[in-house]
Amino acid sequence: MSNINLENSLTKILNISRITFWYDEKKEFTEQYEELDINGVDKIHVHGNEFEVKYRITKQDPKKKFLLYFTDKKPLNQENWLLDLELAHHVFHTDQEAMFMQEIGMGYHFKELVAEHIEFFKSKGRRTKLKELLGEGDQHEDIRSKMLAVLFNTDYVNLSTFIQAHSSEFIDGNDKFDKNLDRYNLSNYYWGRIKHQFNYLNEAPSIYDFLLEVFNHNFILGSKNTLNKESRILLLQWKDTIQFRDSFAQISEKIAKDLDIKSKLNETTLDTIIDDDLFELVDLKVIHELVTQLAEGSITTEKVLKYIKKRENKFWNNKFQPFYSCITYGAQFVDKAKETSSTTYKSFDEGVKNYSENLYEVDFIYRKFIWNFRQTKQNKILAHLVETVEKIYSNDWLLNNNNNWQKVIENVEVWPFKKGNSQRAFFKNHVVPFIEKKQRLFVIISDAFRYECGAELSERLQAENRYESSIDSMVASLPSYTQLGMASLLPHKEISFKEGSDSAEVDGMSSSGTQGRAKILATNSGVRATAIKAKDFMNFNSATEGREFVKKHDLIYIYHNRIDNTGDTLETEEKTFDAVEDEMDFLMDMLKKIANMNGNNMIITSDHGFIYQNNPLDESDFIESNYNGTIWKKNRRFVIGEDLKGDNSTTAFTGSQLGLKSDANILIPKSINRLRVSASGSRFVHGGASLQEIIIPVIKVTKKRQDTTSQVDIDIIKSTDRITTNILPVSFIQSDLVTEKVLARTIRAGIYAEDGELLSDQFKYNFDIEQGSERQREVKHRFQLMGKASGKYKNQRVQFILEEPVEGTTKWKQYKEYYYTLNISFTNDFDDI
């Protein structure tokens, strides 16, 4: 040992002990002793002068620090004149074990432990890490556990965490932990702990053999072995860790092959495996069964939703969520489509009312089904269900309903452009009231944002705290295309076609482009009004240039073209529903940006809707129209021109019938039929008179200063304050129904000791029940307590804690707590006999 290390070690000891005894019987450190010079410390070589030394230390200099150095053999206690001082102070040792112990602050009575694991202590890095973990009162068990934490490089001194770290290295093909357990002589202790806690019995234990036993024992179709219930909690905790989730998935995949889980699942039923989530194959089996039964019509929607709810918090749910959502929407679609496929309409107003209150849900569910299907990036497993949904939507619902609607259109002599729910009345009925109240208004116009999209957005806004949202429907101008729809939303007296084209003019002014619309707004609105592209608006810094821009205007029209731009392009039309999802998020972001610019009043609307069918169309969906005349514009869904004569496949209107100052004629293909137009997409179309094309949303949004939402309250039925067995059944009650303003709440529950130690499995659940009595809102779970609940923590008070997620993080915060007293009999430490 160098003089520097020797002096440092002695200095540390002398900082906490006035007198230090140093026995060097072999005289190995005499030279170093002579050279020592520690400030404030007197050195005394004790050699037959014990009485004199004692007198000086206790009488002459009772406050001074001393280093007593002995080169004689340490005397027996009964012959030791300085025994009382030695026992009251500190003995400095210079053997290797002792030096390590002194460095990290361990008592000399741990010398045999250090000697047993000397290879562990030879590393300065390991000693430093161990020192950080050691605490006052640590015993042999505590120290060895903390040595394992250093070995496995874990943040927690916890056997389950050690196993997770060990497994992670194993599945990566690394055996360093096994080698280090042997090298540091910790294998017996480690496997002894595992044997004691899990009842794992193997004379030649290994991590993979242990994991095989754990998975096999806890799989619903596995073979039971000697392991106890603690092994189930090990798996539950492992799946819930962030650090080792990936290794769990990899281990599970390997074990699934080695235990041939696939063959075991082949003959099982949904009810048998619905609560199991040890293997990814279970989810595949559940999905396969749900899809098959749904396509065959052998399962009810209610049961489908019940099964999927059970999979909600399972390990692989994030990976398979698009599958489960697709199946959910598929089941709901079949029910809703069948219920409404034969809808008839007595009048135009009845059709608008029926669609905006009820029928739009079919288009919404279909869109969600297709979008989630695309998210799965799978075709085979869902093919049967997709085929069923597509057939019902295109043939039985969309076509049938619009054929019935066409009967109403045939009798329309004048398009209802003067009615209050007309797009032409938008400015007067929806914008002017804000102007009259001198309230700044933002009007967001999203191209092709059809009514069902608006209904979803409004619902999302209702759930957003401090936002109020309401939705109305409007009837778009006909033909239902961009130029005319955009013109109709502007303040105007009359709208006309520019001669020979489909361009719309407002009071003689061009309505094309943002600049043209800004000019019309400035001229006709009567207030400080302008128009801007959404992209430019979103590029503003909200606190500076954004607020300066807003201050200059009372009315701001903001235009965005994502959905129409995607759908109207042949190469991208199949991504129409992806564009809708993106637009939802974009609009939410825009509304929040407006609020940050002190904007409180917003309206979201559209120029027109659209029809979208995911499957390529059949030949029968296209019509050959034998019209003649001068064509100004031809589209899949309309023709504008002069002296146009239609036929039986189209409905003809004059410009004046559609409220336009024009001598043009307009032809609209009947129902949902398409005209043949070269180099044009056919799955996404608009311009016609179908319900999906002409009914558009008007969403009014107000930013509030006070909270507008709350979450459902969750309570438990607590019949006792004592836990007397290793199983605690708990009934959770969702106090209120989930509504637009009372939102679902996700909780995580578990039983904890007062020192924070988790004593049970954890239960996660999303309480989102929308109907039923209080008893029907009851959810039960049986908590499994660990063995230490009847051991270390027996007869202690414990906490039953409910937590909820911290938004935007992976962390949880306490929601509620309840108290119990543990009073578990020793017999509960045994598994069922």
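The values are calculated or read from the model by the stated rules, or taken from the named source; none is laboratory data. Here the structure is a predicted model, which is why all the values come from computation and not from measurement. Methodologically, a virtual Cβ is constructed for each residue, glycine included, from the backbone with ideal geometry; neighbour enumeration extends over all protein chains shown.
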Residues being in a strand (DSSP E or B) and of a type in the set (D, E, K, R): count how many of those fall in region 668-693. 1
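Is one or more of the residues making up region 638-649 surrounded by 19 or more Cβ atoms within 10 Å (Cβ to Cβ) and over 30 Å from residue 508 (Cβ atoms)? Steps first, please.
At the first step, the residues of region 638-649 found to be surrounded by 19 or more Cβ atoms within 10 Å (Cβ to Cβ) are 638-641, 644, 646.
Pick out the ones that are also over 30 Å from residue 508 (Cβ atoms) and you get none.
No, region 638-649 has no match at all.
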Could you tell me whether residue 103 is surrounded by fewer than 19 Cβ atoms within 10 Å (Cβ to Cβ), in contact (Cβ under 8 Å) with a residue 40 or more places away in the chain and closer than 17 Å to residue 180 by Cα? no
Spot the failing condition for residue 424; the list is (1) under 18 Å from residue 479 (Cβ atoms); (2) assigned by TED's automatic domain parsing to the domain that holds residue 352, and only one is missed. (2)
Among the residues of region 293-310, how many are under 18 Å from residue 386 (Cβ atoms) and assigned to a helix (DSSP H, G or I)? 7
Pairs returned, first residue in region 423-440 that is surrounded by fewer than 17 Cβ atoms within 10 Å (Cβ to Cβ), second residue that is of a type in the set (S, T, N, Q), beta-carbon separation under 7 angstrom, 6 or more apart or interchain, are 439/601
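For the structure I just gave you, tell me whether residue 543 is loosely packed, with under 14 Cβ neighbours inside 10 Å and either in the same structural domain as residue 483 (by TED's automatic domain parsing) or of a type in the set (S, T, N, Q) (or both). Give the steps one after another, and end with the answer.
Details: loosely packed, with under 14 Cβ neighbours inside 10 Å: yes; either in the same structural domain as residue 483 (by TED's automatic domain parsing) or of a type in the set (S, T, N, Q) (or both): yes.
The answer is yes for residue 543.
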Filter result for residue 170 (closer than 20 Å to residue 156 by Cα, surrounded by 15 or more Cβ atoms within 10 Å (Cβ to Cβ) and not basic (Lys, Arg)): yes
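What are the residues in region 748-781 that are of a type in the set (A, V, I, L, M) and either at pLDDT below 90 or under 16 Å from residue 236 (Cα atoms) (or both), if any?
Residues of region 748-781 that are of a type in the set (A, V, I, L, M), as a first pass: 749, 751, 753, 758-759, 769, 779.
Within region 748-781, 749, 751, 758, 759 qualify.
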Among the residues in region 607-621, are any within 30 Å of residue 440 (Cβ to Cβ), assigned to a strand (DSSP E or B) and not aliphatic (A, V, I, L, M)? no
Report the residue count in region 554-567 for those that are touching a strand residue (DSSP E or B) at 6+ places or on another chain (Cβ under 7 Å) and surrounded by fewer than 19 Cβ atoms within 10 Å (Cβ to Cβ). 1
Which pairs turn up if I take residues in region 772-787 that are farther than 30 Å from residue 198 by Cβ and in the same structural domain as residue 730 (by TED's automatic domain parsing) and look for partners that are surrounded by fewer than 20 Cβ atoms within 10 Å (Cβ to Cβ) and of a type in the set (Ser, Thr, Tyr) with beta carbon separation below 8 Å, at least 6 apart in sequence or on another chain? 774/735; 777/735; 778/731
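Can you say whether residue 451 is buried (at least 24 other Cβ atoms within 10 Å of the Cβ) and either within 23 Å of residue 510 (Cα to Cα) or among the β-branched types (Val, Ile, Thr) (or both), as far as the supplied structure shows? Spell out the reasoning first.
On the way: buried (at least 24 other Cβ atoms within 10 Å of the Cβ): yes; either within 23 Å of residue 510 (Cα to Cα) or among the β-branched types (Val, Ile, Thr) (or both): no.
When the stated conditions are applied, residue 451 does not pass them.
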Can you list residue pairs whose Cβ atoms sit under 6 Å apart, with the first residue in region 789-811 being among the acidic types (Asp, Glu) and the second being not in a loop (DSSP other than H, G, I, E, B)? Count only pairs 6 or more apart in sequence or on different chains. 803/748; 803/812; 803/814; 803/815; 804/747; 804/815
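For every residue, the table says whether it meets (1) part of a loop (DSSP other than H, G, I, E, B); (2) closer than 26 Å to residue 811 by Cα; (3) in contact (Cβ under 8 Å) with a residue 60 or more places away in the chain; (4) not assigned by TED's automatic domain parsing to the domain that holds residue 349.
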residue	(1), (2), (3), (4)
697	no, no, yes, yes
732	no, yes, no, yes
752	no, yes, no, yes
764	no, yes, yes, yes
770	yes, no, no, yes
In the set 804, 740, the lone residue that is closer than 30 Å to residue 306 by Cα and not in a strand (DSSP E or B) is 740
Go through region 635-662 and give me each residue that's in a helix (DSSP H, G or I) and over 22 Å from residue 685 (Cα atoms). 656, 657
